[in-house]
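Colleague: Take this structure, written in structure tokens, and hold onto it; I'll ask about it next.
Taken together, the values in this text are just the output of simple stated rules run on the coordinates, not laboratory data. Small disclaimer: the values here were computed from a predicted structure and weren't measured. Don't worry about glycine lacking a Cβ; one is built from the backbone with ideal geometry, like all the others, and counts go over all protein chains shown.
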Amino acid sequence: MNRLSPWSHLDHIVQLIRLPNQSGTILLLLPSLWAIVLASHGTPDSWLILVFCLGAFLMRSAGVVLNDLADRHIDQKVARTQHRPLASGAMSTRQAIGVLCGLLFLAGSLLAFLSPLAIALSPVALGWAALYPFAKRFFHIPQFFLGLAFGWGAIMAWATVRNTLDLPVWLLYAATICWAITYDTIYALQDREDDLRLGVKSAAILFGEQVWLCVALSSLLMVLFLATAGWLADVNRIFYAILAAVACFMLYQAWQLRRPIAPSQAFDMFKAHTWVGTIVLVGYWLGTWQ
């Protein structure tokens, strides 16, 4: 009987946590960085940025493991996902749970660097992360739950900087939820036919040919929440000029969705949102200049 080498196990872990593709980590991290920059009025502590960068990587990795554990039987029936380690049988459920526990332990150790309020809020992050993989089974817009999970880092970041929760951070949270609906609906277009066949719910299916309208409305709401958060934080006009450019780009994406697009095009449009969030971050930072 052939035994797998330690390098083979390592390769399976790399595939399991999607190490070569860190778009999800960036999308998870950016709302936290928005909050850190606004809460510190443009002068964030470098150690805090490092802590949230590590936390985003670990929690996103844990999130995809949770997702693969929940969807391992579904993934076997979808061409794009059937080669994932759990779906293909390259890793066992027990091994994946072991990796998950290790990731959560490391992520939990970072809480020592956060404020008492942020530590108290941390179980909510785990709850949203655990709920999201199952949302597609009972909720027609599971992207909403993705936003709840991805935005909670902003809440914890603000709480760490100020040890309180002010209105701007809740607006950032609302913006993140709308943003997740936008980019994950675009992402879901890759699997719309498979999801229909398997009975999996998504905004891409719910809105059908009107998916462009869903993307346009969620994009506009995101921009509105970001603008209001910036206004309350007293940012300057530079931010609003940058945000206007972001709004134009996102509406252009929505316009593109008026016609059917190829899965590869949907994935490219999805990845572009890492730049959308980065530009918003730069806008907030420049907006704090006096």
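Colleague: In the range 61-94, which residue that is part of a helix (DSSP H, G or I) and without any contact (Cβ under 8 Å) to a residue 40 or more places away in the chain is farthest from N163 (Cα to Cα)?
Modeller: S88
Colleague: Quick one: which of G147, G151, G230 is without any contact (Cβ under 8 Å) to a residue 40 or more places away in the chain, buried (at least 24 other Cβ atoms within 10 Å of the Cβ) and assigned to a helix (DSSP H, G or I)?
Modeller: G147
Colleague: Return the pair list, or none, for Cβ contacts closer than 7 Å from residues in the range 267-290 that are over 10 Å from Y183 (Cα atoms) to residues that are among the hydrophobic types (A, V, I, L, M, F, W, C) and not in a helix (DSSP H, G or I), at least 6 apart or on different chains.
Modeller: Here the result reads Y284/V235; G287/V235; T288/V235, each pair linking the range 267-290 to a residue that is among the hydrophobic types (A, V, I, L, M, F, W, C) and not in a helix (DSSP H, G or I).
Colleague: Just checking: which of the helices (runs of 4 or more DSSP H) contained wholly in the range 164-223 hold 3 or more residues that are of a type outside the set (A, V, I, L, M, F, W, C) and buried (at least 23 other Cβ atoms within 10 Å of the Cβ)?
Modeller: 167-188
Colleague: Of all residues in the range 74-129, count the ones that are within 22 Å of the chain's Cα centre (by Cα), surrounded by fewer than 17 Cβ atoms within 10 Å (Cβ to Cβ) and under 29 Å from P263 (Cβ atoms).
Modeller: The total comes to 1.
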